[in-house]
Amino acid sequence: MGDRIDVIQGDITKCNVDAIVNAANTTLLGGGGVDGAIHRAAGPRLLEECRSLGGCPTGQARLTQGYDLPARWVIHTVGPVWSGGRRDEDGLLAGCYRSSLALANGQGVESIAFPSISTGAYRFPVERAAAIAVEETLRFLTGTTPPDRVTFVCFDLHTYECYRSAVERLAGGRPS
Ligand code: AR6
């Protein structure tokens, strides 16, 4: 199963995959971090389409086109703000991965790239988030295609190391 999961360090806006996932907020109207980078790279038509969606609840996901991005689709999901772990942050973060992968599956998306949802401005602890991301992805991929290939795109080295070790530990092998 580990052979369908990749971990790389880099910029998700440059990824040549069918769909990239955006760590958005409930308005879907843009922001900082990876959200800002995706809107800048996709161009103003992305914001226009996002406006028509009327927002997205935490833990769910919405699909738009990718416009000027190499990726054909953007899946916008809203991670939880970390507040100590007592507000079902784990369950909500798992929901982000489940609903993003379900949308990808319904759209026939073969390859999808995720950023490390919630671990920037929303302060979710990275090691804990990486375990949830990998567990939910493995659970979804078992017996399901598409997507055939999932890439975790980590911006900084610490995040990269956390996701790599989560894949090694949970998928029973080194990420390819
Ligand atoms: N490619 C890949 N990862 C990136 C990139 C990039 N180009 N840029 C940043 N990251 P964050 P959140 C990493 O804050 O915690 C926004 O304002 C970043 O280093 O983008 O879910 C939204 O509008 C970190 O590891 O998302 C929301 O209001 C990870 O992406 C809020 O931030 C997530 O950091 C969402 O916060």
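The values are calculated or read from the model by the stated rules, or taken from the named source; none is laboratory data. Just so you know, these numbers come straight off a predicted model, no measurement behind them. Cβ placement follows ideal geometry from the backbone for every residue including glycine, while neighbour counts extend to all protein chains displayed. Accessible surface is based on the protein model in full, side chains and every heavy atom, while ligands, DNA and RNA are left aside. Shrake-Rupley method; radii C 1.70, N 1.55, O 1.52, S 1.80 Å.
The criterion of being in contact with a Gly (Cβ under 9 Å, 6 or more places away or on another chain) and at pLDDT 95 or above holds for CYS154. Could you look through region 26-62, keep only residues that are touching a residue at least 40 places away in the same chain (Cβ under 8 Å) and surrounded by fewer than 20 Cβ atoms within 10 Å (Cβ to Cβ), and pick out the one that is farthest from the ligand (Cβ to nearest atom)? So the residue we want is THR26.
Would you point out which residue out of THR27, THR58 is under 15 Å from the mean Cα position of the chain (by Cα) and hydroxyl-bearing (Ser, Thr, Tyr)?
THR58
Scanning region 11-25 for residues that are farther than 18 Å from VAL134 by Cα and near the ligand (Cβ under 9 Å from one of its atoms) gives ASP11, THR13, LYS14, CYS15, ALA24, ASN25.
Taking interchain pairs and intrachain pairs at least six residues apart, which have beta carbon atoms under 6 angstrom, with the first residue in region 90-118 and of a type in the set (Phe, Trp, Tyr) and the second outside any helix (DSSP H, G or I)? Within 6 Å, the pairs are PHE114/VAL21; PHE114/PHE152. In the set (1) open to solvent by 10 Å² or more (accessible area, probe 1.4 Å); (2) touching a helix residue (DSSP H, G or I) at 6+ places or on another chain (Cβ under 9 Å); (3) within 14 Å of the ligand (Cβ to nearest atom); (4) closer than 19 Å to VAL126 by Cβ, the condition left unmet by PRO70 is number (4).
Annotation: of all residues in region 1-10 being open to solvent by less than 50 Å² (accessible area, probe 1.4 Å) and not β-branched (Val, Ile, Thr), the one that is nearest to the ligand (Cβ to nearest atom) is GLY10.
Residues that are part of a loop (DSSP other than H, G, I, E, B) and away from the ligand (no atom under 11 Å from the Cβ) were ranked within region 94-129; the one that is surrounded by the most Cβ atoms within 10 Å (Cβ to Cβ) is VAL109. Checked against (1) part of a strand (DSSP E or B); (2) over 16 Å from the mean Cα position of the chain (by Cα), GLU49 passes all but a single condition, namely (1).
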